[in-house]
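Worksheet for the structure shown next.
The values are calculated or read from the model by the stated rules, or taken from the named source; none is laboratory data. Since the model is a prediction, treat every value here as computed from it, not as a measurement. Every residue, glycine among them, receives a Cβ derived from its backbone with ideal geometry; neighbour counts consider all protein chains shown. With ligands, DNA and RNA removed, areas are computed over all heavy atoms of the protein, side chains included. Shrake-Rupley method; radii C 1.70, N 1.55, O 1.52, S 1.80 Å.
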Amino acid sequence: MLTLFASKGSVSVASAIMLEETETEYKLEVLDFSQADQTKKSYLNINPKGRVPALKTPHGLLTETGAILEYIAPDFIPQAAYSAARVREIIHYLASTMHVNHAHKMRGARWADDPVAVENMAIKVPETMAKSCAYLEEIISEPYIFGSKITIADAHLFTIAQWLKGDEVEIKNYPKLARFEREFATRPSVASVRARGLL
């Protein structure tokens, strides 16, 4: 059986959603970030990065959202090389740009020691997250990113969209993104993840 290490409201929600979408049997281990569970020796022995998600598989441990999503749900990646690359393009953008934009709000100490620099990074978050939303607004085909069929990128984007209110970004300013978020929220997989306390 797979074991997913996750925390409420974090990017690990995307992995839980795809486990539900694929109807995969899994055990959920929820880390409480308010208690710094991710920094405790018991978890660092599992994932030395001290981050979520982490997925324990019969073959070994997997970390990083994109890798976990591909492992969980290969059928949610198109077969054609270009279409598959487009999905991965979005996954990489969400992980390397939009997630980092968001992290500057609370995790600025990862990049700077100067308190002023850390504060300035946090101040920029609404602006940089809004720019990411504007970029995605131009890409979404509707109802999902690439049209009527969901991919692993949709679970990833839906998860990040949950952060926008806290980042002081009005999703309604991006109509296609807002419709995407509302549509994806109706999926049974999201209801299941919510029932597990991750949303």
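Residues whose amide H comes within less than 5 Å of that of residue 54, counting only those at least five positions distant or on another chain, are 5 (H built at 1.01 Å from N in the peptide plane). Exposure check, 1.4 Å probe, all protein chains in place: residue 107 carries approximately 80 Å² of accessible surface. Accessible area of residue 113 (1.4 Å probe, protein heavy atoms only, ligands and nucleic acids ignored): about 150 Å².
Restricting attention to the chain, the count of lysine pairs at 8 or more positions apart or across chains with alpha carbons under 19 Å apart stands at 20.
Relative contact order of the chain: what whole-number percent is it, with Cα pairs under 8 angstrom and at least 6 residues apart? About 25 percent, as a whole number.
Computed over protein heavy atoms with a 1.4 Å probe, the accessible surface of the range 54-199 works out to 52 Å² per residue.
Computed from backbone phi, the HN-Hα couplings of the range 98-110 come to 5, 5, 5, 3, 5, 5, 4, 6, 10, 10, x, 5, 5 Hz, rounded to whole numbers (Karplus: 6.51 cos²θ - 1.76 cosθ + 1.60, θ = phi - 60°; Gly and Pro given as x). Packing, as the average of other Cβ atoms within 10 Å across residues, places the peptides 143-151, 21-29, 33-41, 118-126 in the order 143-151, 118-126, 21-29, 33-41, highest first. Spin-label pair residue 79-residue 27: with each label point 7 Å from Cα along the Cα-Cβ axis, the two points sit 3.7 nm from one another. Helical content of the chain, expressed as a calculated mean residue ellipticity at 222 nm, amounts to -14500 deg cm²/dmol (DSSP H runs of 4 or more residues, -39,500 (n - 2.57) each, divided by residue number, nearest 500). How big is the antiparallel share of DSSP beta bridges in the chain, given as a percent to the nearest 5? Antiparallel bridges make up about 60 percent of those DSSP assigns within the chain.
Probe radius 1.4 Å, ligands and nucleic acids ignored: give me the carbon and sulfur share of the accessible area of the chain as a rounded percent. Roughly 52 percent of what the probe reaches on the chain is carbon or sulfur. With Rg and the Kirkwood Rh both taken from Cα atoms, where does Rg over Rh land for the range 1-128? Answer for the range 1-128: 1.01.
Can you give the charge dipole size of the chain about its Cα centre, rounded to the nearest 20 debye, using +1 on the beta carbon of Lys and Arg and -1 on the beta carbon of Asp and Glu?
With only Lys, Arg, Asp and Glu charged at Cβ, the dipole is about 280 debye.
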